[in-house]
Amino acid sequence: MLFGEVGPLGGAAWTAPAVRSGWIQGLRTLAQHPSALRFLAACGAVDTIFSLQGDSSLFVASAAGQLLVHILDLAMRGPARGRCSPQACDWPACAQKIVCHIEDSLCSIATPQVTQALNVLTTVFGHCRGLWTQGLWVRLSPLVARLLEKDPVPASHSLVDLLLSVARSSVPSSDRGLWETLAQTLSHLSPTQAGPLALGILKLQDCPQALRTQAFGILLQPLACVLEAAAQAPGPPGLLGGAAGDPMTADTLLCSKSACVGLLCCALTHLGLLQPLPQRPSPWPQAPLLGAAVTVLRLCSGSVAPTSDVGGRLCAILVGCGRVQRAALDFLGALSQGAGPQESVTQVFSVLLEYLMSPESSSMVLKKAFQATLRWLLSSPKTPGCCDLDPRTQLFLRELLPVLQKRLCSPCWEVRDSGLEFLTQMTRHCGGQAGFRQALLASEVPELTKQLLQDPESYVRASAVTATGQLSSWALLAAPASPERPGAQQKSLLVELLHVLCADSEGFPRRAVMQVFTEWLRDGHADVAEDPERFVARVLQAASRDPDWEVRAQGLELALVFLGQLLGPRGSHCPCAVALPETAPPGTLAQALPEAAPPGTLAQALQVLCRVQLFEFAFRALFDCDRPVAQKSCDLLLFLRAKAAPCGSPQEAGDSPNVASVEATLQRWQAGEQGQPLGYLEPGAVMAVLRSIDLEGLRDTLAESSDHVEKSPQSLLQDMLAAVGVLGENEADCY
């Protein structure tokens, strides 16, 4: 038999996780058949699935739990078709067996079994939409609530996941007692365990206000304790929106370093996630939260000296703790989206500068400090009547640039990289603001950035490429030495980036160059606009030979931008005007652009495209061994063919003498012989070849996943048979 009491097979084969996983996948496929449920119950497969929930392989255990949910959902679809939730006595035998197993697991004294049951129920309420789920909760909720009576509460993380899954389902509309269960759970869990539940409750769209208040208080309590402990003098109670330091929370903060760090990081992370949400509590205590974040950072740096014993102990625990520093900087960055009193903002700028200057700041802490600084600079108010930075922000910027200059010379490559990323984003957003331009040009930052194109670390070289590209776009590189050649400095950068594209041994800098060049072409960079045809020809020649598939794909993106500029302005014919996401399915571009170009424009464009050898690159890429490259090439050629559809006829275009030669070369390329070049192509030959290639069929083939055959139901069943080694009569049963 394929399925037995102890498992679907014996011997050594069953010890392999891949075999057990394949067995589960095969059962999932079999379960789609109308008579499969009786078959599964009769053969004992459900019992085997129960045992696999505790499998040593997490993947197998997870798949077993998901399969139980799948079987339960299929079993309940029949009796749940009416409007009312079916009574438990009406449930099919297979469903009854699964639910009884869940009940037994919830009553178990073994935490792993409780966890398995809670995880299955979480998946049920997260993915099953039938009315029967309401009846299931009514049946099981007393057992779930009984878990709160145990000390400690078993499987608390899984319990939180289940309660939030139920709260997001249709159950609250029929069982208002769920809110009481949530409130009791918040009270019974430890401060660290209760944080994720509190955040989940505050994210719910429909929730009683009293429960929201309780949940928000739990998130605020750790920071309230910090503010109270660090206060130089006793402050008013409830520093954070009425939340006072809870004794249990204070004990957790002071009991050990690991507990303190864990609780503070969770609180900071949860509040940071809550800040941008429309359903966040109102009023939002922006100023106290800013003060709390600054206080935590200063406790970690040792720049405050609390006078109380509790404050001193807390400072001793937190000083130099990089994990809390990173969480606090992330939270401080999130708070930049809200307004704050001038005094608080001044403290924010002060502590950020302190961290950026400190020799004690690790590379990861500096990265977070740069990110938080960027967010605060970009959210700073502008001077009334103009778009420039306000005086306070400009003063901070003038203090910041010497620090950035120092960090760009750091011996640690991660620090240099973080500094370049910060500079790139600041230039992208503030390159046109007079205050930023003046401060930047007065510093040595642009010249240092250019020097980092020669950095020994490839990540830094890539970031330097992006940064110099942005600086050049805003004319923020150092002024040229010769007044007779005002564009000399930027031209030298173009030559330097071309050298990186052709000669750098690492892929990251070359990818960055292609992204910069594409942006320059799209935005009409001055040096590109002088001779775009020559620029495109040089870039495509380098990109087409690059061993990195991302460089080749970006080369096709640049070609697409160039093609759009030749065939029409943005908004009518340019493909760049179509705002497609990066994850748009293959062929979306070609399908979205059916308009044809005027005949005269098309003829001129084809001549230019042939001169820059775009078709040599695109046709070769059509048979690229990396599928994303072939997909981009297919989209580009489909777009061009759609533009040219009504112009000329296949017969006229096919009179060109080198069409047969081109087609023969393409066939050799498709067979893997990529050596022979196409050479110069006549426009007529190009259009004839485009019409002869089945681009739609190729697009559909490329759109299929590489494992679509291996994941088919027939293939899964064949894998089961091969793993089990069944013969003859059992093979028919399995199918």
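The values are calculated or read from the model by the stated rules, or taken from the named source; none is laboratory data. Only a predicted model underlies this, so the values are computations on that prediction, with no experimental measurement involved. Here the Cβ is made from the backbone with ideal geometry for all residues, glycine too, and neighbour counts use every protein chain on show. Just so you know, the surface numbers come from the protein's heavy atoms only, side chains and all, with ligands and any DNA or RNA stripped out. Shrake-Rupley method; radii C 1.70, N 1.55, O 1.52, S 1.80 Å.
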Heavy atoms of His429 accessible to a 1.4 Å probe, total area in Å² rounded to 10: 100 Å²
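Where does each of 179-187, 103-111, 684-692 land if you order them by average Cβ count within 10 Å, highest first? Could the numbers behind the result be given before it?
Working: 179-187: 17.3, 103-111: 14.4, 684-692: 21.0.
Highest mean packing first, the order is 684-692, 179-187, 103-111.
Exceeding 29 Å between C-alpha atoms, which entries from my cross-link table qualify? They are Lys257/Lys367; Lys203/Lys632; Lys367/Lys450. All intermediate terms of the calculation are to be shown ahead of the outcome.
On the way: Lys257/Lys367 24 Å; Lys203/Lys632 40 Å; Lys367/Lys450 21 Å.
Exceeds cut-off: Lys203/Lys632.
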Relative contact order %, the stretch 281-350, counting alpha carbon pairs below 8 Å whose residues are six or more apart: 43 percent
Sites Ser170 and Gln454, calculated FRET efficiency, Cβ-Cβ separation with R0 60 Å, nearest 0.05: 0.45
Gain on full stretching of the segment that runs from Ile109 to Leu58 - 0.36 nm per residue minus C-alpha separation: 16.2 nm
Estimated FRET transfer efficiency (Lys406, Ala316; beta-carbon r; R0 35 Å; 0.05): 0.70
Accessible surface of the stretch 90-197, 1.4 Å probe, proportion on carbon and sulfur as whole %: 55 percent
Solvent-accessible ranking of Asp73, Asp90, largest area first, probe 1.4 Å: Asp90, Asp73
Leu498-Ser258 pseudo-label distance in nm [points 7 Å out on the Cα-to-Cβ vector]: 6.0 nm
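Multiply the residue gap between Arg129 and Asp548 by 0.36 nm, knock off their C-alpha separation, and tell me the result in nm, one decimal place. Write down the numbers at each step before the final one.
Details: separation 419, 0.36 × 419 = 150.84 nm, distance 4.60 nm.
The span from Arg129 to Asp548 would gain 146.2 nm if fully extended.
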Solvent-accessible area of Cys128 with every protein chain in place, 1.4 Å probe, in Å² to the nearest 10: 10 Å²
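Let me check something: with ligands and nucleic acids excluded, how do Lys643, Lys406 order by accessible area (1.4 Å probe), largest to smallest? Please report the intermediate quantities before stating the final value.
Values: Lys643 0, Lys406 130 Å².
From most accessible down to least: Lys406, Lys643.
Students sometimes get this wrong: rank Tyr355, Tyr459 by accessible area, probe 1.4 Å, all chains present, largest first.
On the way: Tyr355 5, Tyr459 100 Å².
If we order Tyr355, Tyr459 from most to least accessible, we get Tyr459, Tyr355.
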Simple label model, 7 Å out from Cα along Cβ direction - Glu414 to Gln184, nm: 4.6 nm
Full-stretch length increase - Ser303, Ala475 - with 0.36 nm per residue and alpha-carbon distance subtracted: 57.9 nm
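Taking all protein chains in place and a 1.4 Å probe, what share, in percent, of the accessible surface of the stretch 304-394 do carbon and sulfur account for?
Values: 2290 of 4020 Å².
Ligands and nucleic acids excluded, carbon and sulfur give 57 percent.
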Net charge dipole size for the stretch 487-556 [Lys, Arg +1 and Asp, Glu -1 on Cβ; Debye, nearest 20]: 140 debye
³J(HN,Hα) computed for each position of the stretch 413-426 - Karplus, 6.51 cos²θ - 1.76 cosθ + 1.60, integer Hz, glycine/proline x: 5, 4, 5, 4, 5, 5, x, 5, 4, 4, 4, 4, 5, 4
Cα-centre dipole for the stretch 246-385 with unit charges at Cβ (Lys and Arg positive, Asp and Glu negative), debye to 20: 380 debye
Mean-position separation - Cα centroids, the stretch 331-348 and the stretch 291-306, in angstrom: 15 Å
